[in-house]
């Protein structure tokens, strides 16, 4: 397949592109600067422009664009940037898919779509929840609607990706290593997580299986609570995690992000992937953490 990937320089995209190439796919990477390699094409989502001919003969578009929310205080300006980084590329690429007749669009979203679910298990049939993150995911999914009548559209609702670099683990690892690990608030808020290897494999699976369409939870079968995740990182690093970080302290440190993200969670399960026969390499958080922290399988 000839596949255009937007967001190819991010954590997921950097891992995905070589996997697709090893599987025999021809990958074109969209970049926001002058192309520096034969496989690059320039685009400007804000202006709605893409290099002419980029989508000629293309079989699928994979959109992974998003500004990272991790650990940043949410100013009004940053919230606008967060939303624009998700909704605008989705709208532009959905339009390009329709205009160029591309038959497949895989568009990034997240399990934050469901809002704070408490201990209630949710699958892909659950409605959107309230809150800024949920509304942002709802809007970027709605941005793909023009393509649904012309292409197979897959909405990649990704959980927390356990990667050796960045994201949640990028913050937790040094804290736990220095003996500062501990749960946040009650610690009962759920985290729907997925290993980076399984994230990439699930995207490839969705790309190559024509009967996969609509929302797909890219999260492991066994979500864990915040307290369980912290303890698992401590176990992997052989460090204690005795601390409790009060809600008020977190709110003071990161503002609105505390209530919208760290103090809430989703207990999402991957029913679509399970029904389609996808097999997780890392179905428990312990095996996923070993892979992320030490490179083991």
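Nothing in this text is a laboratory measurement; each read-out follows from the coordinates by a stated rule. On a predicted model such as this, the values are computed, not experimentally measured, just so you know. Every residue, glycine as well, gets a Cβ built from its backbone with ideal geometry; the counts of neighbours run over all protein chains shown.
Taking the chain as the reference, fit the longest principal axis to its C-alpha atoms, fit the long axis of helix 76-100 to the helix C-alpha atoms, and give the angle between the two in degrees, 0 to 90, nearest 10. In the chain, helix 76-100 runs at an angle near 30 degrees to the longest axis. As a proxy for reagent exposure, ranking 245, 178 by other Cβ atoms within 10 Å from fewest up yields 178, 245. Pull up the DSSP beta bridges for the chain and report the antiparallel fraction as a percent, rounded to 5. Rounded to the nearest five, the antiparallel share is 10 percent.
Note on 280, 78: ascending count of other Cβ atoms within 10 Å places them as 78, 280, the fewest first. Remark: C-alpha extents of segment 1-126 on the principal axes read 45, 32, 27 Å, sorted largest to smallest. In segment 140-159, which residues have a backbone nitrogen under 18 Å from the label point lying 7 Å from residue 59's Cα in the Cα-to-Cβ direction? Residues passing the 18 Å test: 151-154.
Put the Cα centre of segment 91-126 next to the Cα centre of segment 16-87 and the gap is 16 Å. Of the two radii for the chain, the radius of gyration is 0.96 times the Kirkwood radius, both from the alpha carbons; that is the Rg over Rh value. Short-range pairs are left out: with C-alpha atoms under 8 Å and at least six residues apart, the relative contact order of the chain is 19 percent.
Going from the fewest other Cβ atoms within 10 Å to the most, the residues 219, 109 appear in the order 109, 219. Could you tell me how many degrees, from 0 to 90 and to the nearest 10, lie between the Cα long axis of helix 226-237 and the main elongation axis, the longest principal axis, of the Cα atoms of the chain? Long axis of 226-237 versus the principal axis of the chain: about 90 degrees.
Could you work out the relative contact order of segment 1-125? I mean the mean sequence separation of Cα pairs under 8 Å and 6+ apart, divided by the number of residues, in percent. Mind showing how you got there, number by number?
On the way: 162 pairs, mean separation 30.3, N = 125.
RCO, segment 1-125: 24 percent.
Within segment 6-50, the proportion of C-alpha pairs whose separation exceeds 13 Å stands at 57%. Measure nothing fancy, just the Cα-based angle from helix 167-177's long axis to the longest principal axis of the chain, in degrees from 0 to 90, nearest 10. Around 30 degrees separate the two axes.
Per-residue ellipticity at 222 nm from helix content only, as computed over the chain with -39500 (n - 2.57) for each DSSP H run of at least four residues, stands at -11500 deg cm²/dmol.
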